[in-house]
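The values are calculated or read from the model by the stated rules, or taken from the named source; none is laboratory data. This structure is a prediction, so every number in the text was calculated from the model and none was measured. Every residue, glycine among them, receives a Cβ derived from its backbone with ideal geometry; neighbour counts consider all protein chains shown.
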RNA sequence: CGGGGUGUAGCGCAGCUUGGUAGCGCGCAGCGUUCGGGACGCUGAGGUCCCGGGUUCAAGUCCCGGCACCCCGACCA
């Protein structure tokens, strides 16, 4: 490919709104271009990378017997209505109608659709297990697209789906996918770790995310320093300190606290640490008012609360709910509330100071169980850095991560809701499919590779996903001998099946080397007047600094050999 | 959807306080000199100053209302 003909130019300066290194380099190196917020066009260089990423994923899916299909992007409402997700997903999906008024959703994911196909294709346990996958665009009307390709509103995902006859089968399929993911991310050059994750909108119980731990990431991951426990903060747990129940707590006693409402102000007023207090959140779940009790030094986990209450969005109680529950804004406490009371597991059995549900009054020596019900104890607090690992008590550290893939074992979550999503079992009964789904974001993976493979000059592509294998730079291109040698070399390399980008532009050496570094093709071959005086061309790898002078008459063979060795050495 | 910020040439920005001919650097085109790390000279092209309304003799600049984009939070590959 002649670089002078390449659609898409490199940028000397990054656009001001690109923040992360990968986002800046993605734009500067002409990988992709924005079309609107969260919508990107692949340029030729980026498209080639994306196709190589897909091919690696394809090979690993095929290796575990997962079969490639392709489902449409436009999906009829009726299938989503079967599982109730038509309404559930309304806030974050793009929708349209055809000329007859029939409703469609731009696919957010494909569980319903693939389950629909499965119920038509799979009739008997003899056809199980089976796994299928496809590469398809997903539309998600994200409230906040971010950092280029890291969170877009339309993106291609590899999503795979497994169908098994029972839980044991699902566990085998899940393990196959897990292992395939491990191989895929290693081949992509991504140092992804698996972490326990929340299941969110996908339902089900067991789920792992594959996270690349970099600061540009937007997920918070807790990692144990001494064992292999790793979990997304949305579901991370902690080992609670061994706090014996207090004895001889004096009776609860009201204290006048005029205009003292925040934990911070209370700390000053009582000269006590934040964990001496209880805070009470009033939430709505349907028609019910729920009071959540936490120690003053702990934050509520919105993800855990959503899961507990079975809602997509948390709703805080309104004025009418406060009246109903008997709470007073700023002075809400657990004692005497007319509401379902949920006590966080980090609340200890000792005396606390809490709101009295009366204006300008708090209560001290309030004891869980004695002064308010604490039968419903649930873990609804955010685990933070420094907390103890739930497995071995080790110290947890907090890291940022990019979720490049995830795997869910959702069981019969979809098949139970979709009529006829069953097969005839060996014992003659009808049973629902036991399933899982397994996603990898292509664009997000590409940018994450850039985030983790660059230096101050540009991208340093892992060989196996680079847009081209060899970058031939002619210096200067108007020198007839240089030009002839370079073009002969390019033709010979291409004839050997090598992917070559040929810089035939009439630019200075500085410009061409700077672009070569920016684009980051693994091998750079310089054909110059200077080197030709010694009947040689120059070979350099993007990652290294050493130059190799290769006699020009054997250049094509030597470079072909180097590339072939790089191919076989690639993971 | 809350909070913050920004919209001026392809990119990076100044001009706005105090209204009066729309600028700078890079990039782009032509010619010449250069040719191993973002060369130099000359000439030139390129603008609905985000959109709409208002104030004014006069608006990039002041006022009002929109829109777009970015960042921080709540959601996901």
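Filter the stretch A:269-290 for residues that are exposed (fewer than 14 other Cβ atoms within 10 Å of the Cβ) and either closer than 14 Å to residue A:354 by Cα or in contact (Cβ under 8 Å) with a residue 40 or more places away in the chain (or both) and give the result.
Answer for the stretch A:269-290, where residues must be exposed (fewer than 14 other Cβ atoms within 10 Å of the Cβ) and either closer than 14 Å to residue A:354 by Cα or in contact (Cβ under 8 Å) with a residue 40 or more places away in the chain (or both): A:273, A:288.
Could you list all residues from the stretch A:200-223 that are more than 13 Å from RNA strand B (Cβ to nearest atom), surrounded by fewer than 23 Cβ atoms within 10 Å (Cβ to Cβ) and either modelled with pLDDT of 90 or more or part of a helix (DSSP H, G or I) (or both)?
A:213
I want to confirm something. Restricting to the stretch A:292-321 and keeping residues that are more than 24 Å from residue A:387 (Cβ to Cβ) and buried (at least 17 other Cβ atoms within 10 Å of the Cβ), which single residue is nearest to RNA strand B (Cβ to nearest atom)?
A:317
Please find, within the stretch A:1-21, the residue that is farthest from residue A:217 (Cα to Cα) out of those that are more than 11 Å from RNA strand B (Cβ to nearest atom) and in a helix (DSSP H, G or I).
Among those that are more than 11 Å from RNA strand B (Cβ to nearest atom) and in a helix (DSSP H, G or I), it is A:5.
Out of (1) within 30 Å of residue A:173 (Cβ to Cβ); (2) touching a helix residue (DSSP H, G or I) at 6+ places or on another chain (Cβ under 7 Å); (3) surrounded by 20 or more Cβ atoms within 10 Å (Cβ to Cβ), what's the single condition that is false for residue A:441?
Going through the list (1) within 30 Å of residue A:173 (Cβ to Cβ); (2) touching a helix residue (DSSP H, G or I) at 6+ places or on another chain (Cβ under 7 Å); (3) surrounded by 20 or more Cβ atoms within 10 Å (Cβ to Cβ), residue A:441 breaks only (2).
For the stretch A:26-61, give me each residue that is in a helix (DSSP H, G or I), within 16 Å of RNA strand B (Cβ to nearest atom) and over 19 Å from residue A:154 (Cα atoms).
Across the stretch A:26-61, the qualifying residues are A:28, A:45, A:56, A:57, A:60, A:61.
Among the numbered criteria (1) touching a strand residue (DSSP E or B) at 6+ places or on another chain (Cβ under 9 Å); (2) more than 23 Å from residue A:82 (Cβ to Cβ); (3) surrounded by 17 or more Cβ atoms within 10 Å (Cβ to Cβ), which single criterion is violated by residue A:189?
Going through (1) touching a strand residue (DSSP E or B) at 6+ places or on another chain (Cβ under 9 Å); (2) more than 23 Å from residue A:82 (Cβ to Cβ); (3) surrounded by 17 or more Cβ atoms within 10 Å (Cβ to Cβ) one by one, residue A:189 breaks only (1).
Kindly provide the set of residues from the stretch A:290-299 that are touching a strand residue (DSSP E or B) at 6+ places or on another chain (Cβ under 6 Å) and outside any loop (DSSP other than H, G, I, E, B), ordered by number.
Selection gives A:290, A:291, A:292, A:293, A:294.
Here is a yes/no grid of residues against (1) more than 16 Å from RNA strand B (Cβ to nearest atom); (2) free of Cβ contacts under 8 Å to residues at least 40 places away in the same chain; (3) outside any strand (DSSP E or B); (4) within 29 Å of residue A:145 (Cβ to Cβ):
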residue: A:401; (1), (2), (3), (4): no, no, no, yes
residue: A:404; (1), (2), (3), (4): no, no, no, yes
residue: A:410; (1), (2), (3), (4): no, no, no, yes
residue: A:417; (1), (2), (3), (4): yes, no, yes, no
residue: A:420; (1), (2), (3), (4): yes, no, yes, no
residue: A:427; (1), (2), (3), (4): yes, yes, yes, no
residue: A:438; (1), (2), (3), (4): no, no, no, yes
residue: A:450; (1), (2), (3), (4): no, no, yes, yes
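Return the residue satisfying two criteria in turn: it lies in the stretch A:517-539 and is more than 7 Å from RNA strand B (Cβ to nearest atom) and part of a strand (DSSP E or B), and of such residues it is farthest from residue A:475 (Cα to Cα).
Per the criteria, the residue is A:523.
At pLDDT 85 or above, on the phi > 0 side of the Ramachandran plot and not in a strand (DSSP E or B): is that true of residue A:189 in this structure?
Yes.
Take the residues in the stretch A:554-566 that are under 36 Å from the mean Cα position of the chain (by Cα) and surrounded by 13 or more Cβ atoms within 10 Å (Cβ to Cβ); name whichever of them is nearest to residue A:532 (Cα to Cα).
Restricting to residues being under 36 Å from the mean Cα position of the chain (by Cα) and surrounded by 13 or more Cβ atoms within 10 Å (Cβ to Cβ), the top hit is A:562.
If you take the residues in the stretch A:485-516 that are farther than 24 Å from residue A:461 by Cα and more than 11 Å from RNA strand B (Cβ to nearest atom), which one is nearest to the chain's Cα centre (by Cα)?
A:487
Among the candidates A:482, A:550, A:473, single out the residue that is without any contact (Cβ under 8 Å) to a residue 60 or more places away in the chain, within 12 Å of RNA strand B (Cβ to nearest atom) and closer than 26 Å to residue A:25 by Cβ.
Of A:482, A:550, A:473, the one residue that is without any contact (Cβ under 8 Å) to a residue 60 or more places away in the chain, within 12 Å of RNA strand B (Cβ to nearest atom) and closer than 26 Å to residue A:25 by Cβ is A:473.
Across the stretch A:473-516, which residue is nearest to residue A:2 (Cα to Cα) among those that are in a loop (DSSP other than H, G, I, E, B) and modelled with pLDDT of 95 or more? Talk me through it step by step, then tell me what you get.
Looking only at the stretch A:473-516, we keep the residues that are in a loop (DSSP other than H, G, I, E, B), and these are A:476-479, A:496-499, A:504-508.
Add one more test, that the residue is modelled with pLDDT of 95 or more, and what stays is A:496-499.
Values: A:496: 17, A:497: 16, A:498: 14, A:499: 12 Å.
Ranking the qualifying residues of the stretch A:473-516, first place goes to A:499.
Please verify whether the stretch A:139-162 includes one or more residues that are touching a residue at least 12 places away in the same chain (Cβ under 8 Å), more than 12 Å from RNA strand B (Cβ to nearest atom) and in a strand (DSSP E or B).
There is at least one residue in the stretch A:139-162 that is touching a residue at least 12 places away in the same chain (Cβ under 8 Å), more than 12 Å from RNA strand B (Cβ to nearest atom) and in a strand (DSSP E or B).
Residues of the stretch A:98-139 being modelled with pLDDT under 90 and touching a strand residue (DSSP E or B) at 6+ places or on another chain (Cβ under 9 Å), which ones?
Residue satisfying the conditions is A:98 alone.
Any idea which of (1) in contact (Cβ under 8 Å) with a residue 40 or more places away in the chain; (2) part of a loop (DSSP other than H, G, I, E, B); (3) more than 30 Å from residue A:56 (Cα to Cα) is the one residue A:386 doesn't satisfy?
(1)
Only one of A:127, A:177, A:167 is surrounded by fewer than 18 Cβ atoms within 10 Å (Cβ to Cβ), more than 9 Å from RNA strand B (Cβ to nearest atom) and closer than 27 Å to residue A:230 by Cα; which? Show your work before the answer.
Working: A:127 fails: closer than 27 Å to residue A:230 by Cα; A:177 fails: surrounded by fewer than 18 Cβ atoms within 10 Å (Cβ to Cβ).
Being surrounded by fewer than 18 Cβ atoms within 10 Å (Cβ to Cβ), more than 9 Å from RNA strand B (Cβ to nearest atom) and closer than 27 Å to residue A:230 by Cα holds for just one of A:127, A:177, A:167, which is A:167.
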